[in-house]
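The values are calculated or read from the model by the stated rules, or taken from the named source; none is laboratory data. Keep in mind that this is a model prediction, so the values were computed, not measured. Virtual Cβ from ideal backbone geometry, glycine too; neighbours counted across all protein chains shown.
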Amino acid sequence: MFDKVEGVFPAKATLGEGPHWDHDNHHLYWVDILEKKLHLFDPQQNQNHSVQFDQYIGAVVRSKSGQLLLAMENGIYQYDLQSQKLTFITNPEKNLSGNRFNDGKCDPAGRFWAGTMSLDETEGQGSLYRLDPSGESKKILSPVTISNGLAWSPDHSFMYYIDTPTSEVKMYQYDEKSGDIRFLKTSVSIPRSSGYPDGMTIDSDGMIWVAHWGGARVTRWDPQSGIQLDEISIPAKNVTSCTFGGANLDELYITTARIGMDEEELSHYPQSGNLFRVRTKAKGIPAYLYG
């Protein structure tokens with residue numbers, strides 16, 4: 001199902017997250033949340049370019065205009081890579097200074113979905129928001145604790161969502177026209193012995209790929225049956241997210257973290273925080289863009 005896992009950039013990220021493949025320009029955006037860095041990895045040149053910000057950055061997506069959308073500590077911003085101009089869009093939690101944005105993605109209709117969490121991970125302090133192309137934002141799910149992975153089925157009928165401490169991937173009916181969702185069922189339950197579900201992606205067959213925080217792996221599941229189909233061991237304890245990239249969308253890029261690891265764990269997993277890639281027989285779907 002897949003080739004050998006390769007380390008593609010030794011970032012030693014504190015909290016690597018949010019990989020977004022730019023299918024038009026053939027490079028990968030990703031973030032180091034706690035180091036307040038946006039990364040751009042160019043696989044052709046095998047180079048990684050970083051942009052430093054002054055606040056936590058939880059997620060990055062591209063907009064149809066070519067600008068980037070960043071879900072940050074103090075709200076959602078637009079960022080122009082050329083001019084380096086950061087423009088504030090909205091902060092639905094301006095009265096919750098102890099929160100920050102975490103994972104985020106665009107849906108098939110170009111809306112940006114991004115969730116929040118408490119800086120100290122207090123239970124139930126976060127929410128999931130939807131930012132429409134009109135600029136209007138709406139709270140969709142609340143309360144959540146650590147808002148994380150998002151994915152939409154290839155036929156645009158379902159949305160999958162992870163609130164990490166629940167150890168579950170939840171399945172929602174999704175209305176592409178309105179952006180409304182309706183809870184259907186718990187799709188996948190992750191055993192605590194294999195870590196916690198973090199970020200995720202989906203392939204063109206509609207199977208979801210889940211990163212395991214504390215589990216040193218990425219797993220592939222059938223979200224309809226809840227059956228695990230495959231597993232990739234990653235040489236990093238805290239696996240945070242994954243996305244398909246490459247010219248044929250058959251390369252799974254995987255982010256990891258080294259936060260909270262003691263010396264013994266780091267000696268066992270010295271590549272923690274690095275960026276990885278593995279070629280798979282499955283193929284992904286081009287990332288949806290904002291707007």
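Among the residues of region 35-47, write down those that are crowded, with 16+ Cβ neighbours inside 10 Å and part of a loop (DSSP other than H, G, I, E, B).
Result: GLU35, LYS36, PRO43.
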query = Which residues, taken from region 205-238, are of a type in the set (Gly, Ala, Ser) and buried (at least 21 other Cβ atoms within 10 Å of the Cβ)?
reply = ALA211, GLY215, ALA236
task = Please state which one of ARG100, ARG62 is within 18 Å of the chain's Cα centre (by Cα), basic (Lys, Arg) and under 18 Å from GLY246 (Cβ atoms).
result = ARG62
ask   = Within region 239-272, how many residues turn out to be hydrophobic (A, V, I, L, M, F, W, C), crowded, with 23+ Cβ neighbours inside 10 Å and touching a residue at least 60 places away in the same chain (Cβ under 8 Å)?
value = 5
key: Condition check for LEU275: closer than 30 Å to PHE158 by Cβ, buried (at least 16 other Cβ atoms within 10 Å of the Cβ), modelled with pLDDT of 95 or more and among the aliphatic types (A, V, I, L, M)   = yes
ask   = From LYS37, LYS4, which residue is more than 18 Å from ALA247 (Cα to Cα), charged (D, E, K, R) and in contact (Cβ under 8 Å) with a residue 60 or more places away in the chain?
value = LYS4
inquiry  = It is to be established whether one or more residues within region 210-227 are more than 17 Å from LYS281 (Cβ to Cβ), at pLDDT 95 or above and acidic (Asp, Glu).
reply    = no
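Yes/no matrix, rows are residues, columns are (1) among the basic types (Lys, Arg); (2) part of a strand (DSSP E or B):
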site	(1), (2)
LYS170	yes, yes
GLY179	no, no
ARG182	yes, yes
VAL188	no, yes
SER193	no, no
PRO197	no, yes
THR201	no, yes
ASP205	no, no
HIS212	no, yes
ask   = Can PHE2 be described as of a type outside the set (S, T, N, Q), surrounded by 21 or more Cβ atoms within 10 Å (Cβ to Cβ) and more than 15 Å from the chain's Cα centre (by Cα)?
value = no
task = State whether one or more residues within region 183-204 are touching a residue at least 12 places away in the same chain (Cβ under 8 Å), surrounded by fewer than 15 Cβ atoms within 10 Å (Cβ to Cβ) and under 22 Å from HIS20 (Cα atoms).
result = yes
remark   = When region 262-277 is checked residue by residue, the ones that are of a type outside the set (S, T, N, Q), more than 17 Å from the chain's Cα centre (by Cα) and farther than 15 Å from HIS212 by Cα are ASP262, GLU263, GLU264, GLU265, LEU266, HIS268, PRO270
inquiry  = I'd like to verify a number: residues in region 64-84 that are farther than 24 Å from LEU15 by Cα and in contact (Cβ under 8 Å) with a residue 60 or more places away in the chain, how many?
reply    = 2
request  = Could you please let me know if ASP54 is without any contact (Cβ under 8 Å) to a residue 40 or more places away in the chain, over 27 Å from GLN125 (Cβ atoms) and among the acidic types (Asp, Glu)?
outcome  = no
message = Criterion first (within 18 Å of TRP30 (Cα to Cα), buried (at least 24 other Cβ atoms within 10 Å of the Cβ) and at pLDDT 95 or above) does VAL169 satisfy it?
response = no
